[in-house]
1. Restricting the search to the range 156-173, which residues are in contact (Cβ under 8 Å) with a residue 60 or more places away in the chain and touching a His at 6+ places or on another chain (Cβ under 9 Å)?
2. Within the range 105-160, track down each residue that is outside any helix (DSSP H, G or I) and closer than 24 Å to Ala67 by Cβ.
3. Would the range 73-92 turn up any residue that is touching a helix residue (DSSP H, G or I) at 6+ places or on another chain (Cβ under 6 Å) and closer than 19 Å to Ile197 by Cβ?
4. Give the range 71-91 a look and list any residue that's part of a loop (DSSP other than H, G, I, E, B) and buried (at least 18 other Cβ atoms within 10 Å of the Cβ), or say none.
5. State which residue pairs qualify: first residue at negative phi and inside the range 121-133, second residue among the charged types (D, E, K, R) and modelled with pLDDT of 95 or more in any location, beta carbons under 8 Å apart, and separation of 6 or more residues or different chains.
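The values are calculated or read from the model by the stated rules, or taken from the named source; none is laboratory data. This structure is a prediction, so every number in the text was calculated from the model and none was measured. Cβ: placed from backbone, ideal geometry, glycine included. Neighbour counts: every protein chain shown.
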Amino acid sequence: MSSTIASSSTAPVIVVFGAGPGLGASIARRFGKEGFRVALVGRRQAPLNELAVALKADSVEAAPFTADLSDPAQVPALIANIRERFGRIDVVEYGPASAGEQGFTPATQLDAAALEKSTRFLLLTPVEIVRAVLPELTERGTGAILVTHGMSAAIAMPFLSGTGPAMSAMRNYIYSLNGELKDTGVYAGTLTIGALIVREDAASNETFPDDAEAAGAFPTVHPDVLADLYWDMYTQRDAAERTYPESLPTA
């Protein structure tokens with residue numbers, strides 16, 4: 001595809017949920033490089049505006065949309081607004097950072113209130129997003145649903161419960177979705193990250209191993225590397241899950 005995007009209602013659209021200066025920005029640029037227009041979704045308007053301007057400087061058409069992703073009820077209106085602006089949706093990537101927003105709880109202290117908070121953000125909202133976009137994708141016979149997870153989605157981690165059970169449920173759902181969509185032209189996959197996401201500017205760094213205090217025990221990765229992995233997943237469609245690194249660190 002062209003490295004410079006044209007403003008056209010026929011150009012594909014990726015929606016980056018939880019768009020920020022780290023992984024979200026890298027995904028937006030990677031797909032934008034391939035001709036995608038980009039819908040940026042997050043809680044705060046100002047950072048989204050800044051990212052949209054930065055993407056425009058890279059010849060990527062982007063627009064910001066604010067939403068509280070802990071509220072699944074906001075999804076229908078949000079998706080309608082994105083469709084009104086861009087005319088279509090082709091790929092969704094759901095990857096709002098979970099650690100700082102939701103926190104972690106030892107399994108021995110986990111209660112329904114804490115679990116409900118994580119579940120709304122990490123399971124119910126992305127499932128509602130899938131339900132909102134899937135008819136469009138299957139009708140065209142193309143597109144993708146991509147979900148980013150921390151390593152506790154795949155590996156039980158003592159003292160780091162709360163988000164883990166919710167992410168594990170979403171990971172299970174993506175595996176099922178991948179199998180059910182196999183012959184439709186629509187791909188569903190998850191990228192599970194067991195590394196600290198770092199950029200040159202410390203303000204953009206993210207933590208995905210689910211334990212910032214144990215940073216020294218984990219590898220690091222630039223978000224552009226992960227964005228390339230997502231592009232490979234989108235184009236190759238050969239597995240329901242990729243991990244970084246290929247062998248996740250042990251808990």
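1. Met167, Arg171
2. Gly143, Ala144, Ile145, Leu146, Val147, Thr148, His149, Gly150
3. Within the range 73-92, none of the residues are touching a helix residue (DSSP H, G or I) at 6+ places or on another chain (Cβ under 6 Å) and closer than 19 Å to Ile197 by Cβ.
4. Correct list: Ile89, Asp90.
5. Filtered contacts from the range 121-133: Thr125/Asp71.
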